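Derivation of every value follows stated rules applied to the coordinates shown; laboratory data play no part. For clarity, every value in this text was computed on a predicted model and none was experimentally measured. Every residue, glycine among them, receives a Cβ derived from its backbone with ideal geometry; neighbour counts consider all protein chains shown.
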Amino acid sequence: MMVQVLFFGAVADAAGIREVEVEVAAGVTAGELVESLKAKHPGLAGQKLLIAVGQEYVAASTPLEPGCEVAIFTTVSGG
């Protein structure tokens, strides 16, 4: 199944891309997707990543649905 992955901020810089469509196996979780992306984009490996699916934060154990939009980014702080 295909999912759309969006990279934001420092994650986009580390990955070298802003978005990509990825084919994943049925039943894959958000965390499994992120781990596979870390393998393809080693710059992501050292970062604490947050995951959103359909514009809502999700746990790594959340199963993905065909055609979903997955956003990956780092925590943001400011002041």
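I'm trying to understand the selection: among the residues of the range 31-79, which are buried (at least 16 other Cβ atoms within 10 Å of the Cβ), over 13 Å from residue 6 (Cα atoms) and aliphatic (A, V, I, L, M)? Within the range 31-79, 44, 58, 64 qualify. All of (1) touching a Pro at 6+ places or on another chain (Cβ under 7 Å); (2) aliphatic (A, V, I, L, M); (3) without any contact (Cβ under 8 Å) to a residue 40 or more places away in the chain hold for residue 52 with one exception: (1).
Residues satisfying the criterion are absent from the range 29-45 (criterion: without any contact (Cβ under 8 Å) to a residue 24 or more places away in the chain, of a type outside the set (D, E, K, R) and in a strand (DSSP E or B)).
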